[in-house]
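Engineer: Structure provided below as structure tokens; questions to follow.
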Amino acid sequence: WLQQLNGAAGAFADIPEVKIRQFAAEARSLDLASLNDMPERKRFTLIAALIRKQVATALDDVTDMFLRQVKKMQHRAEEALTLYRTAQADRTDALITRLRDITLAYTQEGTRDQRLCAIETLLEKDAQQILADCNAHHAVALNSHLLFLPQFYSGRRSVLFAFLGGVTLVSTTQDQALMEAIAFLRSHREARSEHLKIALGPANPGADSSPTRCLGLSFVSDKWWTLVTGNRDRETPVVQVQRRYFELCVFFETMQALKSGDLCLPGSEQFSDYRLDLVSDEEYRQGIALYGEQAGIPVE
């Protein structure tokens, strides 16, 4: 609703931000009668500035809500990991004890066949269960709290997707991998399958169904890679991703990019494009000599 009223935002493009804030503050301090007593141009200027300011505030608020939701998921997953480790302490102790027994059997006196026979005696009854326990422990140790995120995700999924659909995110870097992943995610919002194929478009529609390329996954960090792709080796070609972990990864990477400034929201204040506050190369060359003289510092 606010965005629909913000049609005059472009008129402020060449006006200093401090002046726009002054206009908005003045508009907020006035009642309707005072506004109506003003000349039309000034009245519209103040109202447009106030709307622009309120849009920026709303964008900041909704982005802050998004960040809080993602951080809350992370916090609850970390708590779940702590509880899991506490609950599984006995099983971990049992695995350590079994490893100790196997090591003692290996180091005992006797021939190689005798030592192997002793190890076999320790393993033959419970080998499959031991392997399952080791795999479970390894998975949690390798991926930390990330394995516990899905159980806290389902109740927030629609809200997180609503954020992506309600704002316009812009990358401030040349790397567009995350932006492509966000667009891909939005186009597959209704997906409920366990996996998503990440091939983007057929090479020859109607004649050949082979993909032209796959969605870039360079934004996926090592801690997410195995969960998202099912592969440990980053060199292995990936044609599909685990949907739930892929969605979570995109949301977490979006959070990090917003906090670092790699993603911005045009029209917001807290998450605006920091590059707009930088001087141009032309301005720099025109003003650097005088600045150095006034500041008393070398500028070479």
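Engineer: When the residues of the stretch 233-271 are narrowed to those that are without any contact (Cβ under 8 Å) to a residue 24 or more places away in the chain and in a loop (DSSP other than H, G, I, E, B), which ends up surrounded by the most Cβ atoms within 10 Å (Cβ to Cβ)?
Structural biologist: Result: Arg234.
Engineer: Moving on. If you check Arg28 against the conditions, is it surrounded by fewer than 13 Cβ atoms within 10 Å (Cβ to Cβ), out of contact with any Phe, Trp or Tyr (no Cβ under 7 Å at 6 or more places or on another chain) and in contact (Cβ under 8 Å) with a residue 12 or more places away in the chain?
Structural biologist: For Arg28, the condition - surrounded by fewer than 13 Cβ atoms within 10 Å (Cβ to Cβ), out of contact with any Phe, Trp or Tyr (no Cβ under 7 Å at 6 or more places or on another chain) and in contact (Cβ under 8 Å) with a residue 12 or more places away in the chain - is met.
Engineer: Here's another thing I want to ask about it. Which is within 30 Å of Arg244 (Cβ to Cβ), open to solvent by 50 Å² or more (accessible area, probe 1.4 Å) and modelled with pLDDT of 85 or more, of Gln129, Gln151?
Structural biologist: Being within 30 Å of Arg244 (Cβ to Cβ), open to solvent by 50 Å² or more (accessible area, probe 1.4 Å) and modelled with pLDDT of 85 or more holds for just one of Gln129, Gln151, which is Gln151.
Engineer: I've got another one for you. Select, from Met73, Met65, the only residue that is in a helix (DSSP H, G or I), buried (at least 18 other Cβ atoms within 10 Å of the Cβ) and in contact with a Phe, Trp or Tyr (Cβ under 9 Å, 6 or more places away or on another chain).
Structural biologist: Met73
Engineer: Since Leu196 meets every condition but one in (1) modelled with pLDDT under 90; (2) assigned to a strand (DSSP E or B); (3) of a type in the set (A, V, I, L, M), which condition does it not meet?
Structural biologist: (1)
Engineer: When both residues are 6+ apart or on different chains and their Cβ atoms are under 9 Å apart, which pairs have a first residue that lies in the stretch 83-102 and is assigned to a helix (DSSP H, G or I), and a second that is of a type in the set (Ser, Thr, Tyr)?
Structural biologist: From residues that are assigned to a helix (DSSP H, G or I), the pairs are Arg85/Thr92.
Engineer: Still on this model: Give me the pairs, please: first residue somewhere in the stretch 9-24 and free of Cβ contacts under 8 Å to residues at least 40 places away in the same chain and within 15 Å of Gly267 (Cα to Cα), second residue anywhere and open to solvent by less than 70 Å² (accessible area, probe 1.4 Å) and assigned to a loop (DSSP other than H, G, I, E, B), beta-carbon distance under 8 Å, and either six or more positions apart or on two chains.
Structural biologist: So the pair list comes out empty.
Engineer: Residues that are within 28 Å of Asp61 (Cβ to Cβ), exposed (fewer than 10 other Cβ atoms within 10 Å of the Cβ) and out of contact with any Phe, Trp or Tyr (no Cβ under 8 Å at 6 or more places or on another chain): does the stretch 283-299 have at least one?
Structural biologist: no
Engineer: What are the residues in the stretch 154-175 that are assigned to a loop (DSSP other than H, G, I, E, B) and within 14 Å of the chain's Cα centre (by Cα), if any?
Structural biologist: Leu169, the sole residue that qualifies.
The values are calculated or read from the model by the stated rules, or taken from the named source; none is laboratory data. Everything numeric in this text was worked out from a predicted model, so none of it was measured. All Cβ positions, even for glycine, are placed from backbone atoms using ideal geometry, and neighbour counts span all protein chains on display. For accessibility, only protein heavy atoms count, side chains too; no ligands or nucleic acids. Shrake-Rupley method; radii C 1.70, N 1.55, O 1.52, S 1.80 Å.
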